[in-house]
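Here's the structure, in structure tokens; my notes come after.
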Amino acid sequence: PPPELDRLVARIALYPDPLIAQIMAAATFPEQIPEAARWADEHHYLTGDALAVAIQGDHLPWDPSVQALLPFPAVLETMASDPAWTGELGNAFLAQQPEVMDAIQRERHKAYDYGYLRSNAQIVVNPGPYIEILPARPGFYYVPYYDPLIVFAPPRPGFFVGGAIRFGFGFSIGAAFAPWGWGYN
């Protein structure tokens with residue numbers, strides 16, 4: 001049901017659209033996520049083309065959607081640390097894709113309407129009937145960090161909404177990652 005789907009997608013609803021697409025596809029292979037998270041952690045020092053070369057050189061056995069998340073070790077760690085949630089997300093995506101995407105839009109509209117979700121140096125938010133979130137610089141992704149209990153609820157009086165969504169390090173995803181579904185189109 002919609003409230004359950006809203007809860008399910010709340011952790012990732014404010015991620016950039018291309019990253020959500022990769023997460024949804026990878027979540028359909030939950031048994032591969034823990035091993036991929038370990039590999040990403042062991043290779044955390046690699047970025048950009050060097051990471052793409054390592055992925056290809058190691059002939060990793062996982063689905064391309066799982067490999068596409070290797071540049072985002074924190075995302076893989078989140079998925080690996082809660083396998084029940086990851087499996088539930090993947091199953092919901094397989095069985096109810098339109099409803100899952102509607103849930104993401106409901107959560108985005110809440111965050112936008114309450115003033116939390118806005119364009120900044122890391123993301124561009126295109127409001128409308130369907131809220132689109134894209135990287136501010138094409139090919140350079142930031143993973144947002146936020147508390148769903150805060151950003152999907154009305155702000156308390158005097159609460160500074162600008163600090164509710166934070167961003168860590170950015171990740172460059174260039175043409176070398178095309179084999180895993182990353183691109184500029």
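The values are calculated or read from the model by the stated rules, or taken from the named source; none is laboratory data. What you see is a predicted model; the values in this text were computed from it and never measured. A quick note on method: Cβ atoms are made from the backbone with ideal geometry, for glycine too, and the neighbour counts reach across all protein chains shown. Just the protein is used for accessible areas: all its heavy atoms, side chains included, with ligands, DNA and RNA removed. Shrake-Rupley method; radii C 1.70, N 1.55, O 1.52, S 1.80 Å.
Kindly establish whether TYR142 is in contact with a Lys or Arg (Cβ under 9 Å, 6 or more places away or on another chain), crowded, with 19+ Cβ neighbours inside 10 Å and aromatic (Phe, Trp, Tyr).
No, not satisfied.
Taking the residues in region 150-181 that are aromatic (Phe, Trp, Tyr) and in a loop (DSSP other than H, G, I, E, B) as candidates, determine which candidate is surrounded by the most Cβ atoms within 10 Å (Cβ to Cβ). Spell out the reasoning first.
Keep residues of region 150-181 that are aromatic (Phe, Trp, Tyr), which gives 152, 159-160, 167, 169, 171, 177, 180.
Filter again for in a loop (DSSP other than H, G, I, E, B), leaving 152, 159-160.
Working: PHE152: 23, PHE159: 14, PHE160: 7.
That would be PHE152.
Starting from region 19-46, keep only residues that are aromatic (Phe, Trp, Tyr), then list their pairs with residues that are surrounded by fewer than 16 Cβ atoms within 10 Å (Cβ to Cβ) whose Cβ atoms are within a distance under 6 Å, requiring at least 6 positions of separation or different chains.
Going by the 6 Å Cβ cut-off, the qualifying pairs are PHE29/ASP63.
Hey, which of the helices (runs of 4 or more DSSP H) in region 20-137, taking only ones fully inside, have at least 2 residues that are of a type in the set (A, V, I, L, M) and open to solvent by 70 Å² or more (accessible area, probe 1.4 Å)?
83-95
Yes or no: PRO83 of a type outside the set (Lys, Arg), within 15 Å of TRP180 (Cβ to Cβ) and over 15 Å from the mean Cα position of the chain (by Cα)?
Against the criterion (of a type outside the set (Lys, Arg), within 15 Å of TRP180 (Cβ to Cβ) and over 15 Å from the mean Cα position of the chain (by Cα)), PRO83 does not qualify.
Determine the pairs where a residue that is basic (Lys, Arg), located within region 160-172, has a partner that is open to solvent by less than 30 Å² (accessible area, probe 1.4 Å) with Cβ atoms under 9 Å apart, the partner being 6 or more residues away or on another chain.
Short answer, once both residue conditions are applied: ARG166/PRO144.
Quick one: would you say PRO1 is open to solvent by 30 Å² or more (accessible area, probe 1.4 Å) and closer than 18 Å to ALA175 by Cα?
Details: open to solvent by 30 Å² or more (accessible area, probe 1.4 Å): yes; closer than 18 Å to ALA175 by Cα: no.
Answer is no for this residue.
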